[in-house]
Amino acid sequence: MSYFKILGFDKEPFSTSPDPAFFFESREHEKALTNLMIELRLKRGLNVILGDVGTGKTTLSRKLYQMIKSQDRFICHMMLDPVYESDEIFLTSLVRNFDVLINNDGPRILELKEALERFLFQKGVEENKTVVLIIDEAQKLNEVTLECLRVMLNYETNEFKLLQLVLLGQMELHSKVIDIPNFVDRINFKYTLNPLDEEETSQMIDFRIKQAGYKAHMHLFLETAIKEIYRYTHGYPRRVNMICHKALKRLVMNNKFVVDEVMIRAIINEEVKQGWQRAPQPTIIN
């Protein structure tokens, strides 16, 4: 039996997989999501979400994708690992994933671009749909792929962009696009995700516990334990989840019923001995 079943959970509460059901809407994430949905509905084109490793970009992207797919007016595709050796491979991937029909006449690159433009016009103008491309790990995009995206952002009517693009990436994405003036000036909405504060860290832990099906009235994490978790993780959601996961395993292994600060300190000391570094002190942006 899994440890979380022993503790009375239906699911693992602190998995690091980006399950939208465990998406905790902090003030940062709620603001990013709300703005993204507004911009997508207005069809304004390019949107960029930045954030350090572990700030919740991937979970945010899954939540956004879930919200979009639930509405008939949207056509959406998500790229998870946007590494393409050439523009032809990248454009072919788009054509396949959007189920775009192409002819095999003429130069391959030209036909792919024209097929995508026809597709975007048909869906956006004739069928009144909104076509969205979400790219996670966007800092991996190379210059060739960024240029393809820049060209596609030129596909537009007098009123709106035909392709809605959401890039989510680590902070180095900013330095990549800032060097492409005719790309960066197309950014309609840019937002940087910051880590949680101490109150939100506590709320996220409580949210995930309840979301995993825990129904007992006792608190699994003492307030002093949460303070230690925040002190070590600085509110980075991925690190918080990892520490909480280890704490719940230790509860079961040691036949205990509550996580206190002594247990958290022991876990932190073990991490330090194993070479894990304390989460960096965040630079608050926005």
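Figures for the structure shown
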{"item": "Residue check for Phe74: over 28 Å from Pro237 (Cβ atoms) and out of contact with any Pro (no Cβ under 9 Å at 6 or more places or on another chain)", "result": "no"}
{"item": "Residue among Gln170, Gln164 that alone is under 30 Å from Cys244 (Cα atoms), crowded, with 16+ Cβ neighbours inside 10 Å and assigned by TED's automatic domain parsing to the domain that holds Leu133", "result": "Gln170"}
{"item": "Some residue of the range 208-217 being surrounded by 15 or more Cβ atoms within 10 Å (Cβ to Cβ), modelled with pLDDT under 95 and either at positive phi or aromatic (Phe, Trp, Tyr) (or both)", "result": "yes"}
{"item": "Any hit, the range 46-68, residues being among the basic types (Lys, Arg) and in contact with a strand residue (DSSP E or B) (Cβ under 7 Å, 6 or more places away or on another chain)", "result": "yes"}
{"item": "Selected residue [in contact (Cβ under 8 Å) with a residue 40 or more places away in the chain and assigned by TED's automatic domain parsing to the domain that holds Val48] from Leu91, Leu146, Leu112", "result": "Leu91"}
{"item": "In the range 16-53, the residues that are modelled with pLDDT of 90 or more, part of a loop (DSSP other than H, G, I, E, B) and among the polar types (S, T, N, Q)", "result": "Ser26"}
{"item": "Breaking point among (1) at pLDDT below 95; (2) of a type in the set (Gly, Ala, Ser); (3) out of contact with any helix residue (DSSP H, G or I) (no Cβ under 7 Å at 6 or more places or on another chain), for Ser61", "result": "(1)"}
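The values are calculated or read from the model by the stated rules, or taken from the named source; none is laboratory data. Owing to the predicted nature of the structure, the values given are computational and were not obtained by experimental measurement. We place every Cβ from the backbone using ideal geometry, glycine too, and count neighbours over all the protein chains shown.
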